[in-house]
1. Any of Lys81/Lys104; Lys16/Lys68; Lys73/Lys127 with alpha carbons more than 29 Å apart? Name them for me.
2. Given charges of +1 on the Cβ of Lys and Arg and -1 on the Cβ of Asp and Glu, with all other atoms neutral, how large is the dipole of segment 1-128 about its Cα centre, in debye to the nearest 20?
3. Looking at segment 75-119, which trypsin sites (Lys or Arg not before Pro) are in a loop (DSSP not H, G, I, E or B) and have at most 12 other Cβ atoms within 10 Å?
4. Grab the Cα-Cα distance for Glu135 and Asp110, subtract it from 0.36 nm times how many residues apart they are, and report the gain in nm with one decimal.
5. Do you know the relative contact order of segment 1-125, to the nearest whole percent, from alpha carbon pairs under 8 angstrom that are 6+ apart?
6. In nm, to one decimal, how far is the modelled label at Lys61 from the one at Asp18, with both set 7 Å along Cα→Cβ?
7. At 222 nm, what helix-only mean residue ellipticity would the chain give, in deg cm²/dmol to the nearest 500, using -39500 (n - 2.57) for each DSSP H run of four or more?
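What follows is calculated from the coordinates using simple rules that are stated; it is not laboratory data. Everything numeric here is computed off the predicted structure, so don't read it as measured data. All Cβ positions, even for glycine, are placed from backbone atoms using ideal geometry, and neighbour counts span all protein chains on display.
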Amino acid sequence: MPAAIQQCFGGSQVCKFDQLNRLTLPVKFRARYGNTVYLMKNLQDPNDNCILGYTEEDYVKVYDNLAKYFSGKALTLAQRKFVDNSEMVTIDSSGRITVKPEFKEFAELDVDAKIISNPDRLEFWNKDKLNAQLEEEAEELDFSGISLSPRD
């Protein structure tokens, strides 16, 4: 599989926290993040209490996008809220990141987290909450008009 595909699609995996709030990122998710992940509380949807993880480049792009939606004092407030709900974390030599207690509380993470690797970010979820959301809300999705063939 080409490296670009491996870096953008990793699937999902449940990982356990240790006593120091460290979570080991699966090797297959680490390749595109180097030594740093930018964690952020998901501010976009109040029902999606997950933690987002970005590369530095993608984090800066998301931050810069604030100026497309806000201006003046509202932009300043949005930037402050964005930064106040974000944190740069280092991936240690064992592949672990430390997740602040307030982030764990926001996402209702206790013993473990379900990590989903999307093309542009990681998502850290309470697995039960994610499963319930997918069962409830996914029924509204209609995939019948979408081709799943790469040749279309």
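1. With Cα atoms farther than 29 Å apart: Lys16/Lys68; Lys73/Lys127.
2. Value, rounded to 20: 200 debye.
3. Qualifying residues, ordered by number: none.
4. Here the segment from Glu135 to Asp110 would lengthen by 6.8 nm.
5. 40 percent
6. 3.3 nm
7. Result for the chain: -10000 deg cm²/dmol, rounded to the nearest 500.
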